[in-house]
Amino acid sequence: MKRKYILLILLIIIAIFIIIWFILPKRPIAIHVHDKTVPEPVDYREHKELFYLAKHYRFTDGQGRFMDYTTDYSGFHPEDDNRKERLTHELIGNARLLYLADTYGIYDYEDGLIRYEERLPYELIDIDLLFGGFNQEEVDVIEEFANNPDNIIVGEHNVFGYPTYIYENASTRLQNLFGVTYGGWLVRYYEELEEVAYWVKLLYTRIYGREFDLKGPAIVVVREDSNRAGWFGELLIFQDEDFVRQYPTVNIEKEHYLTKGATTRVPYLYWVEVLEVTNPQAEVLAYYEFPLRESALERLKNRGIEPLIPAFIYLDEPGYAKRIYFSGDFVDQIPALLPHWLTYSVGIQRAITYLPGVPPQFSFYFRWYAPVLKNILELAVIN
């Protein structure tokens, strides 16, 4: 009988949490999301978790409708006859917040994306770009949007790199817009080196003159060459003996209303661009920190890479839109475990991240990205 009562109480509590979510007030926002990287089989991971959080926090469009990650974005639409959309004023409409989620693009995978990813660690595979990057006309649109001080622009990793830099001056103009410079260096933590792409192994052999036989966790640092589209010219690999702790982290640099609620230091294991802040009015709200010994950090410094990489840059100049840039692929996260319509579901999942054995990617999503995104979305609420 006790078990039945306990189960009944739990069901009542869950029902109350669901009911509360449905009766909480909606908050309309004016947002436009642009994502050119939605491959087949249909995968919305470059913007899906943004929409999950927007729904959970009861943000809606101007008509009070909860936004759908399968339709309420512009870019590439595989479920709509592979419709391709370049960014235009008409698409943005009356939005106040423009979120540039991903521009890596769509490629011609001969045997499909799943088979391509399976083969990637074992063979060199040529793929052709079908659609991606920002061209000059799109940068014109973004710059004009930035001329309105009531607007907000958020950009993420890969806005500056390939394939945007194949369009003359487009990458440079976007870097100037966000107040940074990008020299081509990219960083990623791998839990297992055997999983790296085969081109990394070939590049290692070409540079170091020996067969790639490395295993285990590592940080890979590569530099893409803007003069040779899709080509990487330099490579550094750091392994266990170089580490002072297990994971690289994103660290909040200072208190700010956009970092309210975020954990000061969280693991981050995916792609990061090495950026230098060039606009004196830009604020670095968080840094990406290498977990490396001094000898390893010296190797980075010899390449012009500092131990702390700007990860969250905020630029607010009089007369212009607020500009936010994430040097990591922050929106590309592990899917949430609980439905968005459960009150406190984000808080519950945040608490779960403190349990042993939970993947560190969840820590970044629920302890850092979720509160930061909520703060950003609140800037676009329609009064």
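The values are calculated or read from the model by the stated rules, or taken from the named source; none is laboratory data. Owing to the predicted nature of the structure, the values given are computational and were not obtained by experimental measurement. Glycine also receives a Cβ, built like all others from the backbone with ideal geometry; neighbour counts cover every protein chain displayed.
List the pairs whose first member sits in region 316-331 and is within 13 Å of Ala146 (Cα to Cα) and acidic (Asp, Glu), whose second member is modelled with pLDDT of 95 or more and assigned to a loop (DSSP other than H, G, I, E, B), and whose Cβ atoms are under 6 Å apart, counting only residues at least 6 apart or on separate chains? Final answer for the pair search is Glu317/Gln281.
Within region 261-281, the set of residues being among the β-branched types (Val, Ile, Thr), surrounded by 21 or more Cβ atoms within 10 Å (Cβ to Cβ) and over 18 Å from Gln175 (Cβ atoms) comprises just one member, Val266. Applying the condition of being at pLDDT below 90 and not in a loop (DSSP other than H, G, I, E, B) to region 209-231 and asking which residue is nearest to Pro121 (Cα to Cα) yields Trp231. Pairs are defined by a Cβ separation below 7 Å, a sequence spacing of at least 6 or placement on different chains, a first member in region 285-308 that is farther than 16 Å from Arg188 by Cβ, and a second member that is acidic (Asp, Glu) and at pLDDT below 95; the pairs so defined are Leu285/Glu253; Ala286/Glu253; Tyr287/Glu253.
Okay, residues lined up against (1) among the hydrophobic types (A, V, I, L, M, F, W, C); (2) in contact with a Leu (Cβ under 7 Å, 6 or more places away or on another chain); (3) surrounded by 14 or more Cβ atoms within 10 Å (Cβ to Cβ); (4) in a loop (DSSP other than H, G, I, E, B):
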{"position": "Glu283", "(1), (2), (3), (4)": "no, no, yes, no"}
{"position": "Tyr287", "(1), (2), (3), (4)": "no, yes, yes, no"}
{"position": "Ala296", "(1), (2), (3), (4)": "yes, no, yes, no"}
{"position": "Pro310", "(1), (2), (3), (4)": "no, yes, yes, no"}
{"position": "Pro318", "(1), (2), (3), (4)": "no, no, no, yes"}
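Among the residues of region 32-47, those that are under 15 Å from the mean Cα position of the chain (by Cα), modelled with pLDDT of 95 or more and either surrounded by fewer than 20 Cβ atoms within 10 Å (Cβ to Cβ) or not in a loop (DSSP other than H, G, I, E, B) (or both) comprise Val33, His34, Asp35. Just one of (1) surrounded by fewer than 22 Cβ atoms within 10 Å (Cβ to Cβ); (2) of a type outside the set (Lys, Arg); (3) in contact (Cβ under 8 Å) with a residue 40 or more places away in the chain fails for Phe364. It is (1).
Here Ile127 fits the description: modelled with pLDDT under 95, of a type in the set (A, V, I, L, M, F, W, C) and touching a Phe, Trp or Tyr at 6+ places or on another chain (Cβ under 6 Å).
The set of residues in region 162-204 being closer than 22 Å to Gly105 by Cα, among the small types (Gly, Ala, Ser) and surrounded by 20 or more Cβ atoms within 10 Å (Cβ to Cβ) consists of Ala170, Ser171. In region 338-357, the qualifying residues are those that are part of a loop (DSSP other than H, G, I, E, B) and touching a residue at least 24 places away in the same chain (Cβ under 8 Å), and the one that is farthest from Thr60 (Cα to Cα) is Tyr344.
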